[in-house]
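For reference, the structure discussed in these notes is given below.
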Amino acid sequence: MARRRQIYEGKAKILYEGPEPGTIIQYFKDDATAFNAEKKGQIAGKGVLNNRISEKIFTSLHTIGVPTHFIRRLNMREQLVRQVEIVPIEVVVRNVAAGSMTKRLGIEEGTQLPRTVIEYYYKDDKLGDPMVTEEHIACFGWASQEEMNDIADMAIRVNDYMCGLFAGIGIRLVDFKLEFGRIWENDYSRIILADEISPDSCRLWDIASNRKLDKDRFRQDLGEIAEAYQEVARRLGLLQPEGEESAVLDFDSAKKKREAKD
Ligand code: TMP
């Protein structure tokens, strides 16, 4: 059997050629990086959990009419998605001050923002993903004005939906990052949501205790990182009640062992 072709390896995912033209397989790794990959590590089972969490959020967004690249989950670590031309902009949506906003503007972490803020970062690891304005995006042609209108509208809709989804399970959606892609149909292109939405790309705080349930536990060496991701998955109804989740991860490691033997 021919080995499938790897298209790209990123920090947390690998992309393979999909079974049909215009499709891609996203493989979720356990690798974690922070501070532009200056800090590297692994979070056991993260790939399995992010695959499930992202599936849940993307399929929910589909039901409210947000177009996404997600087609279906294939197995524990892989999902089939539409191939897109990635817009080289990371779109960050903030409801509460945290992370780089607290550092840049000296605002205390946890401050509720009087209105939702959208920020744009140019995707370039060599430059450390610098923050840019819509002026830069227009000037360098990274996206058209029409595309930016669609992106901002979708980002706000995703935020409204996700704030409700997470509030319903006792989680405050502090901020998150989205990526968008272009798909071409004849001579026309349109923008759809791409990449993933998971505790790697969101800040999620327990409403009652303010406990961090996201990648900040890795960035800030807070410990119990895998447990935090499991907690998010459990509250989203993706894992068995406490104590039984290990079955999912055991299944994954058993599969890995089988594959290693083959
Ligand atoms: P920041 O406060 O570090 O700018 O991050 C804002 C949000 O974006 C936070 O939820 C984490 C997410 N994020 C990513 O998904 N990838 C990144 O490379 C960075 C820097 C942030």
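The values are calculated or read from the model by the stated rules, or taken from the named source; none is laboratory data. Quantities reported herein were computed from a predicted structural model and do not represent experimental measurements. Backbone-built Cβ (ideal geometry, glycine too); neighbour counts: all protein chains shown.
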Residues that are closer than 28 Å to Trp142 by Cβ and either within 22 Å of the chain's Cα centre (by Cα) or within 10 Å of the ligand (Cβ to nearest atom) (or both), drawn from the stretch 102-111: Thr102, Lys103, Arg104
Are any residues in the stretch 71-101 part of a strand (DSSP E or B), in contact (Cβ under 8 Å) with a residue 40 or more places away in the chain, away from the ligand (no atom under 16 Å from the Cβ) and surrounded by fewer than 19 Cβ atoms within 10 Å (Cβ to Cβ), and if so, which ones? Ile71, Glu78, Leu80, Arg82, Glu85
Single unsatisfied condition, Gln6 versus (1) closer than 26 Å to Leu127 by Cβ; (2) polar (S, T, N, Q); (3) under 13 Å from the mean Cα position of the chain (by Cα): (3)
Only one of Pro130, Pro114 that is within 13 Å of the ligand (Cβ to nearest atom) and exposed (fewer than 12 other Cβ atoms within 10 Å of the Cβ): Pro130
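Tell me, which residue of the stretch 194-245 that is polar (S, T, N, Q) and in contact (Cβ under 8 Å) with a residue 12 or more places away in the chain is farthest from Leu15 (Cα to Cα)?
Asn210
Is it the case that Leu239 is part of a loop (DSSP other than H, G, I, E, B), at pLDDT below 95 and more than 12 Å from the ligand (Cβ to nearest atom)?
yes
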Exactly one of Ala44, Ala37, Ala32 is within 15 Å of the ligand (Cβ to nearest atom), part of a loop (DSSP other than H, G, I, E, B) and touching a residue at least 60 places away in the same chain (Cβ under 8 Å), and that residue is Ala37
When Ala138 is evaluated against the numbered criteria (1) more than 12 Å from the ligand (Cβ to nearest atom); (2) in a strand (DSSP E or B); (3) of a type outside the set (Ser, Thr, Tyr), which criterion, by number, is the only one it fails? (2)
